[in-house]
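The values are calculated or read from the model by the stated rules, or taken from the named source; none is laboratory data. Remember, it's a predicted structure, so these values are computed and weren't measured experimentally. Cβ sites come from the backbone with ideal geometry, for glycine too, and all protein chains shown count toward neighbours. Heavy atoms of the whole protein, side chains included, go into the accessibility calculation; ligands, DNA and RNA do not. Shrake-Rupley method; radii C 1.70, N 1.55, O 1.52, S 1.80 Å.
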Amino acid sequence: MKKSLFVLVALVLLGSTGFSFAQDVNGKNPAMSPKHRLARQHRRIKNGVKNGKISKSQHKQLAQEGKDINQERKADLAANGGKMPQADRQQLESQENLRSEQIHQDKTGN
């Protein structure tokens with residue numbers, strides 16, 4: 001009985017830590033912001049080029065896509081007084097998801 005109670009408590013605590021890393025509806029988690037996500041994607045691309053899994057032409061295309069997304073992010077922030085509306089955030093996230101998938105495909109050769 002004690003062991004199952006301990007396991008249950010451990011699972012609840014472990015599961016709740018995921019919520020602290022997730023981005024909330026208003027984008028309050030800086031580590032999950034579009035800006036930080038673009039930086040992480042840039043590191044993935046840089047590592048892919050370094051180890052030869054991403055070609056220079058793929059790098060150039062992915063870098064341009066990142067610049068475009070970042071310009072759109074900045075324009076959205078400027079147009080809305082420094083806050084990102086939910087619809088704009090969702091659109092940027094969708095673009096970042098596509099870019100992330102492209103990085104993965106370029107690195108794996110699929």
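Tabulated results
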{"read-out": "Search result, residues across the stretch 60-110 that are without any contact (Cβ under 8 Å) to a residue 40 or more places away in the chain, charged (D, E, K, R) and in a helix (DSSP H, G or I)", "value": "LYS60, GLU65, LYS67, ASP68, GLU72, ARG73, LYS74, ASP76, ASP88, GLU101"}
{"read-out": "Pair list, Cβ < 6 Å and 6+ apart or interchain, from the stretch 40-58 residues that are over 16 Å from GLY109 (Cβ atoms) to residues that are open to solvent by 100 Å² or more (accessible area, probe 1.4 Å)", "value": "none"}
{"read-out": "Residue count, the stretch 33-78 (criterion: among the basic types (Lys, Arg), surrounded by 13 or more Cβ atoms within 10 Å (Cβ to Cβ) and more than 18 Å from the chain's Cα centre (by Cα))", "value": "1"}
